[in-house]
Amino acid sequence: MPLKILVLIMLFLFSFLANAQNETPKDSTSTHLNEVVISQNKKTFTNSNGNIKVDVANSIYNSIPNPIDLLAKLPAVQVSSDREKITVVGKGSPLIYIDNQKVTMNDLNALAVADIKTIEIIQNPSAKYEAEGRAIILITRKLSKKEGFKTEISEIASFKKNFNNYLGFNSNFKKNKIEWKANFNYNRLNPWESHSINYQIPNPDIASVYDVSANTKRKQFVFGGRLFYKINEDDYFSFNISSKLQTDVFPINTLTENKNKEEENNVVTYSDNEGKKNFINSFLNYSKKIKSIGAQVFTGLQYSNFNQTSWSQVQNNFNMTEFELAQIRDQKFKVNVFSGRVDLEKKFKNEMKLEAGGLYSSANSKSDIDIYYYKTNTNEISNYNFKEENLAGYSQLSGKIKKVDFSIGIRVENTNVLGKFESELLPLVDKNYTNFFPKAQFTFTIDSTKSVSFNYAKSITRPNYSSLSQGATYINPYFLYSRNVFLNPTIIDEVSTTFQYHDKSVRLSFTKAKDPVYSSFSFDDQNNIMTFKDINFDKSSGFSADFTLPFTYKFWTMTNSLIFILEKVEDKSAAFLATKPYLYYTSNNEFKLPEGYSVVLNFWGLTKQYNGVFETSRRFVVDIAASKIFFKNWNCTLSCNNIFKNVVQSENFTFNNISSNSRYVVDSHEVSIAIKYSFGKIKESQFKEKNIDENESRVR
């Protein structure tokens, strides 16, 4: 396989050189009359009130076969090294929508880039979006009215520390009123990860450092099917099902030096680990226009299931003696989510629009732990059940009065939570709370080139269902990673203003959060075990200044973003370090060259961060990609990510009198070649969907 990849890379480079040398001289005379095509170059990036919109269909970005890699190239968007989480700088984890429909990372992995028209990063979502939406990534797919079919096959060979392979099939078919889409992806991944933590506890006198690494062998099957039936011009029915099946084999090796007063131990820990993560999501939608009142009504049902298992056998070697079996950990987690919703939209002649809707969702999870201890020949069995019900309603009015565009809305949500161990009579967690989430946006047009907007939003961030379960990962005899069943949601208030001049903008915002979630330590002095888990801190606040500066010159398009952030995190158990402003900067550069070549150069960085509790190291990453279209149906892309191998991240903080210095090594240096072939023809799609479950992003 590496030899084949090398040959393809050489052919790609030779083709580039040959086309550069074989251009027709300006003074030559041609005997053929070529077709004259008048075209207009569209901007890849556009900016409206700080919301960045990317034209994927007409740029090099449509040659990136994977949507996750595509999002990683966009301004202010960060993708985690395990490709399981997306964040927007200064906004946290965004909600992801496809055609105004909420989806998860699993659905995103099943989307064909060839179907994407645009991607927009929305900084100020309205009340129509659920209360968790501080930022939204909105993906709009291509639309069409013509019949036909199209099938696309893609292959990506990726070289990181280990070799990774992605194979994908996507097919669309439309005839008369029926349209269906199907996809299948098979991925063989070999991710590598490593990190170390050095911590000290003055009382008792403990100093410990460990270094852990893991090589994973992962298989993924991602597949889905979608059916759309257009009843008439205004009404439609759709059904969707998607799934991701994943198996992991990941041995973990840990080297530990632990000093407890006068006792010192050097420990080598080895654990065999196997796990599965299976996800399925399905929804049924029906939309109808009630002509008597001129309103569009949408109804839908959705069901999601996530099932995860983890099995580990752990053994330790103390002070270069011999390995001894310590324990077997068998952990299972399962969550089922059912939801239904109704939405009503009424447009008036005076450009006003009234929207209202309601949602009911119910989530039931079960986490089971069975730990066998070799030393005592005993089992520890624990079964924990969790249930959450959410009832929500919203109303929103938007429109335009003279030169003022406005959107005013409110959302109310009632949440009922119950968590209980099967062995206990009384529940461990019992909560019932109601929250109101007002949102308002006013945009004043100064003239044809300038405008200013003011925004206020109250939002909530809820922990993922898996974070609210029991469960822990064994690192060494002195250290555990654990989940937290007592996590509370985070309530956030935000005010902002944006000034726009042509395509450039400046955005100022202030946020205040109650019960923000960060990682912390707790020490069990009876068993001499340190536990690392997420908890709710007291509060946090932040101020940011966001500058978006696009630039275009002939074949060169550049979009620059500068975000100055001053953030302060506070908790009575944390040592206050320092609060200093830090800078996030990114630059996206696209060069459209002759003969169908395109080159993209992206770079981003973060200066050193001080937010009062945590001190995080600086980062700088450069990516480059070159793409070439061959024979219309073939596309080849050669990419190099994190060229300068900036792979180390560090973090320092003190909590509960425990001082910690952490170091993470990210496997992000990558060279990859992607080949995509398509046949058949379907220009557009009338396919519509609408996701029901507004908590779906928490099903992971």
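Of Lys160/Lys628; Lys128/Lys347; Lys289/Lys458, which sit over 20 Å apart, Cα to Cα?
Exceeds cut-off: Lys160/Lys628; Lys289/Lys458.
Protein chains only, probe 1.4 Å: how do Phe486, Phe444 rank by accessible area, largest first?
Final ranking, largest accessible area leading: Phe486, Phe444.
Given the whole protein assembly as supplied and a 1.4 Å probe, what does the accessible area of Val103 come to in Å², nearest 10?
10 Å²
At 1.4 Å probe size, with every protein chain present, just tell me what the per residue accessible area of the chain comes to in Å².
On a per-residue basis, 48 Å².
Could you order Lys230, Lys175, Lys554 so the one with the most accessible surface comes first? Probe is 1.4 Å.
I get Lys554, Lys175, Lys230, largest accessible area first.
If the limit is 29 Å between Cα atoms, which of Lys403/Lys512; Lys150/Lys219; Lys533/Lys580 go over it?
Lys403/Lys512, as the Cα separations exceed 29 Å there.
List, in order, the whole-Hz ³J(HN,Hα) value for each residue of region 566-571 obtained from phi through the Karplus relation with A = 6.51, B = -1.76, C = 1.60 and θ = phi - 60°; use x for Gly and Pro.
Each residue's phi maps through the Karplus curve to give 10, 10, 10, 10, 10, 7 Hz.
Quick check on my link table: of Lys288/Lys346; Lys175/Lys353; Lys53/Lys288, which ones sit more than 24 Å apart, alpha carbon to alpha carbon?
Beyond 24 Å: Lys175/Lys353; Lys53/Lys288.
Over the heavy atoms of His669, what accessible area does a 1.4 Å probe trace out, to the nearest 10 Å²?
50 Å²
For region 349-437, run through the trypsin sites (Lys or Arg not before Pro) and keep only the ones in DSSP coil with at most 12 other Cβ atoms within 10 Å of their Cβ.
Lys349, Lys375, Lys402, Lys403
For an R0 of 60 angstrom, estimate the FRET efficiency from the Cβ-Cβ distance between Thr321 and Glu84 and round to the nearest 0.05.
Computed FRET efficiency for Thr321 and Glu84 comes out at 0.95.
Given N residues in the chain, what is Rg(Cα) / (2.2 N^0.38 Å)?
That ratio works out to 1.01.
List every residue whose amide H lies under 5 Å from the amide H of Asp405, counting only residues 5 or more places away in sequence or on a different chain, with H placed 1.01 Å from N in the peptide plane.
Distant-sequence amide H within range of Asp405: Thr443, Thr445.
To the nearest 20 debye, what is the magnitude of the charge dipole of the chain about its Cα centre, counting +1 on the Cβ of each Lys and Arg and -1 on the Cβ of each Asp and Glu?
Using Cβ point charges on Lys, Arg, Asp and Glu, the chain gives about 2980 debye.
Could you tally the net charge around Thr579, taking each other residue with its Cβ under 10 Å from the Cβ of Thr579, Lys/Arg +1 and Asp/Glu -1?
0
What percentages, rounded to whole numbers, describe P(r) for region 371-483 computed over all alpha carbon pairs with 5 Å bin width beginning at zero?
In whole percents, the pair-distance histogram is 2, 8, 12, 12, 11, 10, 8, 8, 7, 6, 5, 4, 3, 2, 1, 0.
Under 13 Å between alpha carbons, and skipping anything fewer than 8 positions from Lys554 in its own chain: which aspartates and glutamates qualify?
The qualifying aspartates and glutamates are Glu590.
Which lysines does Lys375 reach when only Cα atoms under 24 Å apart count, and residues fewer than 8 places away in its own chain are ignored?
Output for Lys375: Lys259, Lys332.
Taking every pair of distinct Cα atoms and averaging 1/r, then inverting, what Kirkwood hydrodynamic radius in Å comes out for region 509-664?
18.9 Å
If you average the alpha carbon positions of region 392-412 and of region 295-322, how far apart do those two centres end up, in angstrom?
Using only Cα atoms, the two centres lie 39 Å from each other.
Divide, for region 184-323, the radius of gyration over alpha carbons by 2.2 N^0.38 Å, where N is the residue count.
For region 184-323, the normalised Cα radius of gyration comes out at 1.82.
For region 263-352, which chymotrypsin sites (Phe, Trp or Tyr not before Pro) pass both filters: DSSP loop (anything but H, G, I, E, B) and at most 11 other C-beta atoms within 10 Å?
Of the chymotrypsin sites (Phe, Trp or Tyr not before Pro), the ones in loops of region 263-352 whose Cβ has at most 11 other Cβ atoms within 10 Å are Phe348.
Considering Cα pairs under 8 angstrom that are at least six residues apart, work out the relative contact order of the chain and quote it in whole percent.
13 percent
What are the ³J(HN,Hα) values, in whole Hz, obtained from phi via the Karplus relation 6.51 cos²θ - 1.76 cosθ + 1.60 with θ = phi - 60°, for each residue of region 329-343 in sequence order, with x given for Gly and Pro?
With coefficients 6.51, -1.76 and 1.60, one gets 10, 10, 10, 9, 9, 9, 9, 10, 10, 10, 8, x, 8, 9, 10 Hz.
How would Met352, Met530 line up by accessible area, probe 1.4 Å, largest first?
I get Met352, Met530, largest accessible area first.
Once Lys and Arg get +1 and Asp and Glu get -1 on their Cβ, which of Ile206, Asn190, Ile121 lies farthest toward the positive end of the dipole of region 113-220?
Ile121
Length gain on complete extension for the stretch Lys353 to Leu167, per 0.36 nm per residue less the alpha carbon to alpha carbon distance?
Separation in residues times 0.36 nm, less the Cα-Cα distance, equals 62.5 nm.
Over what distance in Å are the Cα centres of region 201-262 and region 447-492 separated?
17 Å
Can you list the HN-Hα couplings for region 630-635, worked out from phi with the Karplus curve (6.51, -1.76, 1.60; θ = phi - 60°), rounded to whole Hz and with x for Gly and Pro?
In residue order, the calculated couplings are 10, 6, 6, 8, 10, 9 Hz.
Per-residue accessible area for Glu257 at 1.4 Å probe radius, Å² rounded to 10?
Rounded to the nearest 10, that gives 110 Å².
Just in region 421-530: which GluC sites (Glu not before Pro) are loop by DSSP and have at most 16 other Cβ atoms within 10 Å?
Sparse-neighbourhood loop GluC sites (Glu not before Pro): Glu422, Glu424.
The values are calculated or read from the model by the stated rules, or taken from the named source; none is laboratory data. Everything numeric in this text was worked out from a predicted model, so none of it was measured. Note: ideal-geometry Cβ built from the backbone for every residue, glycine included; neighbour counts use all protein chains shown. With ligands, DNA and RNA removed, areas are computed over all heavy atoms of the protein, side chains included. Shrake-Rupley method; radii C 1.70, N 1.55, O 1.52, S 1.80 Å.
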